[in-house]
Amino acid sequence: LKYHWTHYPYCGGAFQSPIDLKPGLLRFDPTLRPIEIQNYNLSPNEQLTLGNNGHSGEYKSSVLSTNYISLPQRYTAAQLHLHWGSSSRLTGSEHTVNSKQYAAEMHVVHFNSDKYPTMSIAVDKSDGLAVLGVLIEVGDFNPAFEQFLRFINGIKYKGKSKMPGFNIRQLLPARLDEYYRYDGSLTTPPCYPSVLWTVFRNHVTISRKQFLALATSLYSSDARDSAPVSLNGNYRRPQPSDSRVVLVSFKEGKYGLQSTCFIFFSRNAKVT
Ligand SMILES: [Zn+2]
C-alpha cells in the first residue's frame with residue numbers, strides 16, 4: 001500500500017521529518033530539561049485499541065497524558081506506533097543519527113491539550129503536536145515490547161482489536177534527559193509541519209525474534225484480499241534539514257568530537 005504523497009502539498013514543503021541527526025546540525029542547549037511523563041502506567045483493566053491502518057501497528061488511548069516540564073504547554077498522548085524494516089533488511093527507523101539507520105522507531109504522539117480540545121483539531125497547527133521518538137536496535141529481548149507484540153496477530157490485517165493497558169514508560173529508554181529536539185512534521189501524509197520532535201539519544205533493544213514478529217506478522221491489506229501485502233519498510237527517508245538547527249540536551253559524546261575535532265593540512269601535505 002502506498003500513499004499518494006504528491007496529493008499532499010505539505011509533503012513537498014519545508015520543515016519535514018524525519019531528518020538525519022548529523023553533527024553539523026546539532027547545538028547544545030543547557031535549558032533543555034529532562035522529559036517528564038505522567039500517567040504512562042496504564043491499568044491492565046483499561047482496554048487499549050490496537051489497530052492496523054495499513055501503515056503501522058498502533059495503539060490509541062485517550063487517557064495517556066504527559067507533561068513536558070521544559071515546555072509551557074501540556075501535551076496529552078493520543079497514540080503510539082512503530083516504523084520498521086523487513087525480515088531481510090533490519091533497518092527501518094525514520095530518524096538516522098549521523099547517517100546510521102536503526103532497525104525500527106517508535107513514535108508516541110501527543111497533542112497540545114492546553115490549547116486544543118482534540119488531536120484532530122491540533123494536528124495541523126504549528127504548535128499542535130509533540131512526538132517522542134525512540135530508536136530501536138536488534139539486541140536483547142525486550143519484555144515491555146512483548147506486552148503488545150503478543151497481541152499483534154489480532155491485527156494481522158487492516159482493522160482493530162483490544163488489548164489490556166500496561167506501563168508505556170517501559171517502552172522508553174531509561175534516560176529521559178538526553179535527547180534531540182527540533183521542529184518538524186508528520187512523516188506520513190498529510191505531512192503537516194506541526195510536530196515538536198523529541199528523539200531520545202539512547203536506543204532500546206528488541207530481540208531478533210521480536211523484530212521478525214513485527215516485520216512479518218502484519219499485512220497492509222484487508223483480510224478478504226486474495227493477495228495479502230506484507231506491511232514492512234514503512235518508514236520515510238530523511239528530508240532536507242532546510243535552515244533548521246537541532247537542539248541537544250547532552251554535551252558529552254561523539255557528536256562533540258566530530259563537530260569540533262578537525263585537522264587541517266597545508267596544501268602541500270603529502271603521504272609518501
Ligand atoms: Zn511515526
### Summary
Within segment 202-238, the residues that are hydrophobic (A, V, I, L, M, F, W, C), touching a residue at least 60 places away in the same chain (Cβ under 8 Å) and surrounded by fewer than 20 Cβ atoms within 10 Å (Cβ to Cβ) are Leu212, Ala213, Ala223, Val229
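Among what's in segment 188-234 and is of a type in the set (D, E, K, R) and modelled with pLDDT of 85 or more, pick the residue that is nearest to Ala14 (Cα to Cα). Even if it seems obvious, please write down each step before you answer.
From segment 188-234, those of a type in the set (D, E, K, R) are 201, 208-209, 222, 224-225; that's our starting set.
Within this subset, residues satisfying the condition of being modelled with pLDDT of 85 or more are 201, 208-209.
Values: Arg201: 24, Arg208: 36, Lys209: 38 Å.
Per the criteria, the residue is Arg201.
Which one of these is in contact with a strand residue (DSSP E or B) (Cβ under 6 Å, 6 or more places away or on another chain) and closer than 21 Å to Leu135 by Cβ: Leu212, Leu196?
Values: Leu212 fails: in contact with a strand residue (DSSP E or B) (Cβ under 6 Å, 6 or more places away or on another chain).
Leu196 is the lone residue from the list that is in contact with a strand residue (DSSP E or B) (Cβ under 6 Å, 6 or more places away or on another chain) and closer than 21 Å to Leu135 by Cβ.
Is one or more of the residues making up segment 132-146 out of contact with any Gly (no Cβ under 7 Å at 6 or more places or on another chain), of a type in the set (Asp, Glu), under 18 Å from Tyr40 (Cα atoms) and away from the ligand (no atom under 15 Å from the Cβ)?
We begin by selecting, within segment 132-146, every residue out of contact with any Gly (no Cβ under 7 Å at 6 or more places or on another chain); these are 132-146.
Now restrict to residues that are of a type in the set (Asp, Glu): 137, 140, 146.
From what's left, under 18 Å from Tyr40 (Cα atoms): 146.
Applying the additional criterion that residues be away from the ligand (no atom under 15 Å from the Cβ) yields 146.
Checking segment 132-146: at least one residue is out of contact with any Gly (no Cβ under 7 Å at 6 or more places or on another chain), of a type in the set (Asp, Glu), under 18 Å from Tyr40 (Cα atoms) and away from the ligand (no atom under 15 Å from the Cβ).
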### Task
Could you please let me know if Ser88 is away from the ligand (no atom under 15 Å from the Cβ), under 26 Å from Ser194 (Cβ atoms) and among the hydroxyl-bearing types (Ser, Thr, Tyr)?
no
### Query
What pairs come up if the first residue lies in segment 31-43 and is closer than 12 Å to Arg181 by Cβ, the second is of a type in the set (Phe, Trp, Tyr), and their beta carbons are under 7 Å apart, counting only those six or more places apart or on different chains?
Ile35/Tyr68; Ile35/Tyr179
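If the requirement is being within 16 Å of Thr205 (Cβ to Cβ) and either in contact with a His (Cβ under 6 Å, 6 or more places away or on another chain) or among the small types (Gly, Ala, Ser) (or both), which of these qualifies: Leu149, Leu135? Give the derivation first.
Values: Leu149 fails: either in contact with a His (Cβ under 6 Å, 6 or more places away or on another chain) or among the small types (Gly, Ala, Ser) (or both).
None of the other options fit; the residue is Leu135.
Sort through Ser185, Ser161 and tell me the only one that's among the hydroxyl-bearing types (Ser, Thr, Tyr) and touching a Leu at 6+ places or on another chain (Cβ under 8 Å). Reasoning before the result, please.
Details: Ser185 fails: touching a Leu at 6+ places or on another chain (Cβ under 8 Å).
It is Ser161.
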### Message
Looking at segment 180-201 only, could you name the residues that are of a type in the set (Ser, Thr, Tyr) and either free of Cβ contacts under 8 Å to residues at least 60 places away in the same chain or closer than 22 Å to Asn98 by Cα (or both)?
### Response
Tyr180, Tyr182, Ser185, Thr187, Thr198
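The values are calculated or read from the model by the stated rules, or taken from the named source; none is laboratory data. From a predicted model like this one, the values you see are computed outputs, not experimental measurements. All Cβ positions, glycine included, derive from the backbone under ideal geometry; neighbour counts span all protein chains shown.
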